[in-house]
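Reading through the structure tokens given below for one structure.
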Amino acid sequence: MKKYTISIFSTLLILLMVLPTISPQKAAAAPTYADGEHNLPFIVLKDSGNEQSATAEYVVSPAKLVVENGKMHVVMTLNNSSWWQYFKVQSGGGFADVQVLSENTANDKRIVKFAVQDVEQLVSAKIHVIVTGIPGFTYDNAYDIRFKFTTTNIPSAPVVEKPVTTPTPNATPTT
């Protein structure tokens, strides 16, 4: 039986070659958009695949992307708002209720707002709809949907140039 010895140097060399291939990749940073309000066209997709959801008929596109100090919120209008029992959007590891900004009961519309981390990624949501006011018709369903936003016409935030500073030489200590 032969014994093999590997030096510490050889082990370190192997680790340096292998570790970069197995280390997790850093996630790309979400794009930064200019502060302000921007039109944000979108489509509503079913919970899987690329098929459009019927929910698209009950939301107004484009929405608004509101950017303030790098934080992004989507503001959208819901049609037939009396039918919407809940509307929750992906937030962290779960789902959070959207914030109602205003409601127009005469026109059955509601304006809602929710935060997004990366508007270029699909945003998952959960909705519950109960259709009322139609005699002889009953409809009560909950759905998982996804929003796919189009950001091509949203201006990027200006790049802030850092001033070039010349390092000061270290003073030589006197003895």
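For the reader, a short list of remarks on this structure follows.
- Ser102 versus Ser48: modelled label distance in nm, points set 7 Å from Cα along the beta carbon direction: 4.1 nm
- Flagged links, alpha-carbon separation over 20 Å, of Lys46/Lys71; Lys46/Lys148; Lys71/Lys126: Lys46/Lys71; Lys71/Lys126
- Ile127, Ile43, reordered so the largest accessible area comes first (probe 1.4 Å): Ile43, Ile127
The values are calculated or read from the model by the stated rules, or taken from the named source; none is laboratory data. Not measured: the values here are computed from a predicted model. Quick reminder, even Gly has a Cβ in these numbers, built from the backbone with ideal geometry, and neighbours come from all protein chains shown. For the accessible areas, the whole protein counts, side chains as well, though only heavy atoms, and no ligand, DNA or RNA atoms are used. Shrake-Rupley method; radii C 1.70, N 1.55, O 1.52, S 1.80 Å.
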